[in-house]
Amino acid sequence: MNKYIKNSIIKSSIIGILALHFVSCTDKFLDKNPLDQISSPVFWKTQSDADMALAGVYARLHGGLTFNYNQQVLNNILGGDADGSESPLAQGLIEPTSGEISDVYNDCYQGINSCNFFLENIDRVSISDDIKNEYKGEVLFLRALFYFTLTNYYGGVPLYTKMVTIDDAKVKQSTKQDVVAQVISDLDFAIGNLPNTAYSGHAVKGSALFLKAKVLLFNQQWQGAADAANQVIQDGNFSLYNNYKNLFLAVGQDNNPEIIFSVRYLNPDNYSEQDIILGWFGNLNPNQKLVDDFECTDGLPITSSPLYDLNNWKQNRDPRLMYTVRNFNEPGINSAGNVVYFNYTNNSKSGWEAMKGVNLDAVPIDYSTKSEQDWILMRYAEVLLVYAEAKNEVSGPDVSVYNAINTVRARPGINMPPIPIGLTKDQMRVRIMHERRVELANEGGIYDDIRRWKTAETYIPTIIDAGGVRRVFDPAKDYLWPFPQSEIDVNPNLVQNPGYH
């Protein structure tokens, strides 16, 4: 079992201090950094206690590398949308001892441990059942998110729904199907108890519904995925934002109608290094394959559009392209209209740099730069694309499928033309795959997509990174990650995934 769970259980006299980093509570307690640590015997009395405990569970999203730009940078590289010439994992060197392999595993189980501790203690608090069930719904949503993430990387994993002793923790992994069933059960409780409102920092019904849709989609339960996504659409609490660029910047994120769930930041205490990683270190170098996949404004690919100008990459192109990538040698223009010059610490390996989520008002960037862009984990555009994909698999490209994908393309400020009519089911599937790639580019989802579509084994070997290094992908093992060697060493019942030693 995960080391965080072990450490929090072993001090069983009071189970320690929850290992949550509880916060000093205000009306916006999720926006603040944890300040206090409160021991169990004097805790779990009032709603204020419950609020601080809940904030501590949410704070797990900030810890580690899994639920922010760091993991998404890696996923963009592994998914083939960015240069990976310096990434051992991108070159197929995925080993049980790789640090990234342990990071995701530990981050998720640390979160699961916090969720289980909360759920075992919240009934001690003197609050109404309605409020208590709403809090439970938020925590079960988070536990579902952690377990869903684990299944995407490792398949079946050890399943814990309550706090366990060290010996109890040494169990064989459950099947992926059993873990997914628990995820759906958690989400159904959340859906039934969370408010059916817009998102403002706490998970709401729409957050849980969309996560359920995504879980079902990833497990090819098409009808259920379509139904859950359609419920989000019909409830009407979310819509596309009219400024694609600002959707990923702090200036456009408060009360944004498109954001369904995010990891939140707020300067000066709760900040991230997103601008440092993307806009100074330049760790994400999109490749030419991604750039070329953006259409021209007539809706045609660059290989057939008469509007394409080889010497002007921005001219007559899908506007999302210039909000997603930038040429390494080009300056930017900040919100005041001033030209700003990047001071990258490294040259781009591909000639391109990430643009989405980079705050040009922070340029030039240095170690003092504190970013407060929320990292969006779920947004309404993906709801529409999940619905389109699932519904197409159920019944082919009916009117609702066209409407969903064309709504994404017609976002104000983007205004891409509708896709061609008369597509077959297979042709529509290809169009949806394309739309996910360009709409969600640089957000990390590509790695999950090509693995669930089982296209990684044909796509990844076509990529040649800087220095002429060709990617490899072994379908016999690379669709899953290995369990960390540290977990294999302490849990003799854990069976390593196939292909790893």
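Residues of region 264-279 being surrounded by fewer than 20 Cβ atoms within 10 Å (Cβ to Cβ) and part of a strand (DSSP E or B), which ones?
Leu266, Asn270
Let me confirm something: among Lys245, Lys214, which residue is of a type outside the set (A, V, I, L, M, F, W, C), surrounded by 15 or more Cβ atoms within 10 Å (Cβ to Cβ), within 30 Å of Pro397 (Cβ to Cβ) and at pLDDT 95 or above?
Just one listed residue meets the conditions, Lys214.
Against the condition part of a helix (DSSP H, G or I) and closer than 25 Å to Asp130 by Cα, how does Gln223 come out, does it pass?
Spelling it out, it is not the case that Gln223 is part of a helix (DSSP H, G or I) and closer than 25 Å to Asp130 by Cα.
Can you pull out the residues in region 187-196 that are touching a Gly at 6+ places or on another chain (Cβ under 8 Å) and either part of a loop (DSSP other than H, G, I, E, B) or on the phi > 0 side of the Ramachandran plot (or both)?
Matches in region 187-196: Leu194, Asn196.
Name the residue, out of Glu95, Glu138, Glu100, that is in contact with a helix residue (DSSP H, G or I) (Cβ under 8 Å, 6 or more places away or on another chain), over 26 Å from Leu194 (Cβ atoms) and in contact (Cβ under 8 Å) with a residue 40 or more places away in the chain.
Going through Glu95, Glu138, Glu100 in turn, the sole match is Glu95.
Name the one entry in Gly299, Gly282, Gly337 that is assigned to a loop (DSSP other than H, G, I, E, B), under 30 Å from Glu86 (Cα atoms) and of a type outside the set (A, V, I, L, M).
Result: Gly282 is the single residue among Gly299, Gly282, Gly337 that is assigned to a loop (DSSP other than H, G, I, E, B), under 30 Å from Glu86 (Cα atoms) and of a type outside the set (A, V, I, L, M).
Would you mind finding the one in Arg471, Arg452 that is under 20 Å from Leu217 (Cβ atoms) and of a type outside the set (Asp, Glu)?
The unique qualifying residue is Arg452.
Restricting the search to region 201-220, which residues are hydrophobic (A, V, I, L, M, F, W, C), assigned to a helix (DSSP H, G or I) and under 18 Å from Gln182 (Cβ atoms)? Break it down into steps so the answer makes sense when it comes.
Within region 201-220, the first condition is being hydrophobic (A, V, I, L, M, F, W, C), and the residues that meet it are 203-204, 208-211, 213, 215-218.
Add one more test, that the residue is assigned to a helix (DSSP H, G or I), and what stays is 208-211, 213, 215-218.
Once the filter is applied, which keeps residues that are hydrophobic (A, V, I, L, M, F, W, C), assigned to a helix (DSSP H, G or I) and under 18 Å from Gln182 (Cβ atoms), region 201-220 yields Ala208, Leu209, Leu211, Ala213, Val215, Leu216, Leu217, Phe218.
Tell me, which residue of region 163-185 that is of a type outside the set (A, V, I, L, M) and assigned to a loop (DSSP other than H, G, I, E, B) is surrounded by the fewest Cβ atoms within 10 Å (Cβ to Cβ)?
This residue is Asp167.
Look at region 314-360 and say how many of its residues are closer than 30 Å to Pro418 by Cβ and buried (at least 20 other Cβ atoms within 10 Å of the Cβ).
13
Check whether at least one residue in region 378-401 is in contact with a strand residue (DSSP E or B) (Cβ under 7 Å, 6 or more places away or on another chain) and not in a helix (DSSP H, G or I), and report yes or no.
Yes, region 378-401 contains a residue that is in contact with a strand residue (DSSP E or B) (Cβ under 7 Å, 6 or more places away or on another chain) and not in a helix (DSSP H, G or I).
It is to be established whether one or more residues within region 421-432 are hydroxyl-bearing (Ser, Thr, Tyr) and either surrounded by 15 or more Cβ atoms within 10 Å (Cβ to Cβ) or in contact with a His (Cβ under 7 Å, 6 or more places away or on another chain) (or both).
no
Just checking, does region 460-477 include any residue being farther than 24 Å from Thr97 by Cα, of a type in the set (A, V, I, L, M) and in contact with a helix residue (DSSP H, G or I) (Cβ under 9 Å, 6 or more places away or on another chain)?
yes
Output the residues belonging to region 352-363 that are assigned to a loop (DSSP other than H, G, I, E, B), touching a strand residue (DSSP E or B) at 6+ places or on another chain (Cβ under 7 Å) and of a type outside the set (S, T, N, Q). Lay out the reasoning, then the answer.
From region 352-363, those assigned to a loop (DSSP other than H, G, I, E, B) are 355-359, 363; that's our starting set.
Narrowing further to those that are touching a strand residue (DSSP E or B) at 6+ places or on another chain (Cβ under 7 Å): 355, 359, 363.
Result: Met355, Val363.
Got a sec? Which of Ala198, Ala250, Ala225, Ala208 is under 30 Å from Met355 (Cα atoms) and in contact with a Leu (Cβ under 7 Å, 6 or more places away or on another chain)?
Ala208
Condition check ((1) more than 23 Å from Asp49 (Cα to Cα); (2) in contact (Cβ under 8 Å) with a residue 24 or more places away in the chain) across all residues:
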position: Asn133; (1), (2): no, yes
position: Lys176; (1), (2): yes, yes
position: Ser185; (1), (2): yes, no
position: Ala203; (1), (2): no, yes
position: Ala208; (1), (2): yes, yes
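On the basis of being in a helix (DSSP H, G or I) and under 30 Å from Ser174 (Cβ atoms), does Ile432 make the cut?
no
Kindly evaluate Ile127 against the criterion of being assigned to a helix (DSSP H, G or I), of a type in the set (A, V, I, L, M) and surrounded by fewer than 19 Cβ atoms within 10 Å (Cβ to Cβ). Reasoning before the result, please.
On the way: assigned to a helix (DSSP H, G or I): no; of a type in the set (A, V, I, L, M): yes; surrounded by fewer than 19 Cβ atoms within 10 Å (Cβ to Cβ): yes.
The answer is no for Ile127.
Say we look at region 443-487 and pick out the residues that are among the β-branched types (Val, Ile, Thr) and surrounded by fewer than 17 Cβ atoms within 10 Å (Cβ to Cβ); which of these is modelled with the lowest pLDDT?
Val469
Touching a residue at least 40 places away in the same chain (Cβ under 8 Å), out of contact with any Ser or Thr (no Cβ under 8 Å at 6 or more places or on another chain), of a type in the set (Gly, Ala, Ser) and closer than 18 Å to Asn242 by Cα, is that true of Gly357?
Taking the combined requirement at face value, the residue satisfies it.
Residue under question is Ser48, and the condition is that it be farther than 30 Å from Val490 by Cβ and over 20 Å from the mean Cα position of the chain (by Cα); does it hold? Full working, then the answer.
Values: farther than 30 Å from Val490 by Cβ: yes; over 20 Å from the mean Cα position of the chain (by Cα): yes.
Spelling it out, Ser48 is indeed farther than 30 Å from Val490 by Cβ and over 20 Å from the mean Cα position of the chain (by Cα).
Do we find that Tyr367 is of a type in the set (Ser, Thr, Tyr) and over 27 Å from Gly467 (Cα atoms) in this structure?
In short, yes.
For the structure I just gave you, tell me whether Asp298 is surrounded by fewer than 15 Cβ atoms within 10 Å (Cβ to Cβ), without any contact (Cβ under 8 Å) to a residue 12 or more places away in the chain and of a type in the set (D, E, K, R).
No; evaluated as a whole, the condition is false for this residue.
Asn121: in a helix (DSSP H, G or I), farther than 30 Å from Thr462 by Cβ and not small (Gly, Ala, Ser), yes or no?
yes
The values are calculated or read from the model by the stated rules, or taken from the named source; none is laboratory data. This is a predicted model, so every value here is computed, not measured. Here Cβ is always computed from backbone atoms with ideal geometry, including for glycine, and neighbour counts include all displayed protein chains.
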